[in-house]
1. Could you order Lys153, Lys102, Lys4 by accessible surface area, starting with the largest, using a probe radius of 1.4 Å?
2. Enter the accessible area per residue of region 84-148 (Å², integer; probe 1.4 Å; all protein chains in place).
3. Taking a 1.4 Å probe, which of His87, His110 shows the most accessible area, and what order do the others take after it?
4. Ignoring ligands, DNA and RNA, how do Lys43, Lys10, Lys175 rank by accessible area with a 1.4 Å probe, largest first?
5. In this model, which of Lys10/Lys140; Lys43/Lys179; Lys102/Lys140; Lys102/Lys179; Lys88/Lys175; Lys88/Lys158 are farther than 30 Å apart at the alpha-carbon?
6. Output wanted: per-residue J couplings in Hz (rounded whole) for region 33-40, from phi through Karplus 6.51 cos²θ - 1.76 cosθ + 1.60, θ = phi - 60°, x for Gly and Pro.
7. Can you tell me which lysines have their Cα less than 28 Å from the Cα of Lys71? Leave out same-chain residues fewer than eight positions away.
Amino acid sequence: MSKKLDFGGKLDFNDIDLTAPHVVIEELASQIAQETDGIIQGKVAPYSGHVYSYTQSGLAGLSAVLGSVEKRVDIQTTLGKQGEESHKYEFYLCTPSYQRYKYRICYLQHGAGNYPVNVVLEQNIANDIYSDSNAGYIIKCQTRMELEDLIVKVIYSKRVISVMQELIRINQVYKEMDKGQGELPSLEET
């Protein structure tokens, strides 16, 4: 063999912290409950729906009725990654005293290697963090540290602080209900 491969300087074999993104956020979320005496809880749950905006085509049903339609097949779609995994989670805030309400902060989506992780923020939160009404709401975090920094900014954003305050008030209302000092508001009033 006349050619010798040398990957020196091209590949990094150093161990890095690849803690699963949902575990990283669960650790931060547990601090929310500690700091609010359990009134507000941050939860991370597996999610199976879409995490990105998409367009639904109305023609799929039409082609099923009319029969097959000619379709171009691009061989490039069979090259590259195969057997890729996609893990999706939602991160939301809630209060145990009113189980029907939750405020979804973001979605997380990552592959088998955990990083990079895409964080799909609620647009108002993205605007708060980046002080720009046209801020992008999909953030790619390459490392655990980037993810932690982003989630801390999210938790301290004006929008999330406002939601936390609302959850505290909801908790107070329902605590008073439990004491028999008021009526439960109807769903139309909430």
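1. Lys4, Lys153, Lys102
2. 49 Å²
3. His87, His110
4. Lys10, Lys175, Lys43
5. Lys88/Lys175
6. 4, 4, 6, 10, 6, x, 5, 10
7. Lys81
The values are calculated or read from the model by the stated rules, or taken from the named source; none is laboratory data. Computed from a predicted structure; not experimentally measured. Surface accessibility is based on the protein's heavy atoms, side chains included, excluding ligands, DNA and RNA. Shrake-Rupley method; radii C 1.70, N 1.55, O 1.52, S 1.80 Å.
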